[in-house]
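S.K.: If you scroll down you'll find the structure; I have some questions about it.
The values are calculated or read from the model by the stated rules, or taken from the named source; none is laboratory data. Since this is a predicted model, take the numbers as computed values, not measurements. Ideal geometry is used to build each Cβ from the backbone, glycine not excepted, and the neighbour counts take in all protein chains shown.
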Amino acid sequence: MIPSPALFAKCANKAGAPQEREQECSRCPKNSNTLIQPYGIEISQIVTVEFSELGIDILTTIEMSVSIFTVGYANRSIEDLIALLRREGISFLVDVRSNPSSRFKPEFSSKPLDEKLRAAGIRYVFMGDTLGGRPPDLSCYNNGHVVYSLVQQRDFFRAGIDRLLVASAKGIGVSLLCSESRPEDCHRSKLIGVALAERGANVVHLGPQGERLSQAEVLARLKTAQADLFDSSLQSRKAYRPTVPRQQFGK
C-alpha cells in the first residue's frame, strides 16, 4: 500500500531543513537517498511504483509538497555538484540532456556520473527522452529552433512532467541537470520550468554561484535580456537538427 501525500506533508513543509525533518520522521538522513516514513516504506520504493503506475487524473489533484530544483554543470566539478545537491537535500538527479554525454567534461557523461552519484548516496535518472531540449518530434521545430510551446503539448513531454510532479508530491528531493550554468540559457527554465510552474510546482534554479533563483526571477531576466523572445513563444537559442536521444547506458 502506498501512503497518501498527507503522510509526507510535515517533511515537505520543511524542505531544506533536514535537522527539523528528523524530528517528525522515524529516520531522515541528511545525505541519503532513502527516507524511512512511519510506515517503513522507502522513498526509492515509492518512486518506482508512483512513477510507473499513477495516472494523470490523480496527479492533477495532488498538492505540491517540495520544490523541484535545477542545476547546470558547466562551471562545476562533480564534487562541487554533489556538495550542492547535498546542501539542498536532493535524492534524485534527473538528467534532462537529450544526449547524456559530454566531450568537454566526460566525467559528466551518464555512466561515470551515475557511478559518482551512487557513491554519494544520490540516484541518477535519465529523462532526456521525454524532457530533453532537442526532441525527436520534427513538428516541434521552426527553422531549426525548438518551439517550446509546441513541445509542451506533446504526450511524451507531459508524461515526463507528470513524473516530476509525483516525486514532488511525495516529498522526494529532485533536481534536474543540464549543461548550462545559467538557468536563463537553458531549456530547464524556458521549457520545463514554465510547464512545472503552470502545474503549481515551485521551481528553484541553482545559479552559477549556487544561489537560489525562482522561476519568476529567471523569466524576468529573460524578458530583460531577450525581450524579443516574448513577442511570440519561447524557443531554443540555437538552431538544431532533431536528434533522437541516445539510450541510457546499460540499455
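S.K.: Every residue in region 117-136 that is touching a strand residue (DSSP E or B) at 6+ places or on another chain (Cβ under 9 Å) and without any contact (Cβ under 8 Å) to a residue 60 or more places away in the chain, please.
M.R.: Leu117, Arg118, Tyr124, Val125, Met127
S.K.: Which ranges mark the strands (runs of 3 or more DSSP E) fully within region 91-195 that have 2 or more residues being among the charged types (D, E, K, R) and under 17 Å from the mean Cα position of the chain (by Cα)?
M.R.: none
S.K.: Which pairs do you get when a residue that is more than 15 Å from Ala83 (Cβ to Cβ), found in region 207-218, comes within reach of a residue that is surrounded by 15 or more Cβ atoms within 10 Å (Cβ to Cβ) and charged (D, E, K, R), reach meaning Cβ atoms under 6 angstrom, with the pair 6+ apart or on two chains?
M.R.: Pairs found: Val218/Glu184.
S.K.: Here's something else I'd like to know. Sort through Ser175, Ser181 and tell me the only one that's within 22 Å of Tyr73 (Cβ to Cβ), in contact with a Gly (Cβ under 6 Å, 6 or more places away or on another chain) and among the hydroxyl-bearing types (Ser, Thr, Tyr).
M.R.: Numbers: Ser175 fails: in contact with a Gly (Cβ under 6 Å, 6 or more places away or on another chain).
After applying the criteria, what remains is Ser181.
S.K.: Collect the residues in region 128-160 that are surrounded by 21 or more Cβ atoms within 10 Å (Cβ to Cβ) and of a type in the set (A, V, I, L, M, F, W, C), keeping them in residue-number order.
M.R.: The answer is Leu131, Cys140, Val146, Val151, Phe157.
S.K.: If only one of Ser101, Ser139, Ser110 is without any contact (Cβ under 8 Å) to a residue 12 or more places away in the chain and more than 21 Å from Glu184 (Cβ to Cβ), which one is it?
M.R.: Working: Ser101 fails: without any contact (Cβ under 8 Å) to a residue 12 or more places away in the chain; Ser110 fails: without any contact (Cβ under 8 Å) to a residue 12 or more places away in the chain.
It is Ser139.
S.K.: When only residues in region 201-233 that are in a loop (DSSP other than H, G, I, E, B) and modelled with pLDDT of 95 or more count, which is surrounded by the most Cβ atoms within 10 Å (Cβ to Cβ)? Before the answer, list the steps.
M.R.: Start the filter on region 201-233 by keeping residues that are in a loop (DSSP other than H, G, I, E, B), which leaves 201-202, 207-211, 226, 232-233.
Remaining after also requiring modelled with pLDDT of 95 or more: 201-202, 207-211.
Numbers: Ala201: 22, Asn202: 16, Gly207: 16, Pro208: 13, Gln209: 7, Gly210: 13, Glu211: 9.
Among those that are in a loop (DSSP other than H, G, I, E, B) and modelled with pLDDT of 95 or more, it is Ala201.
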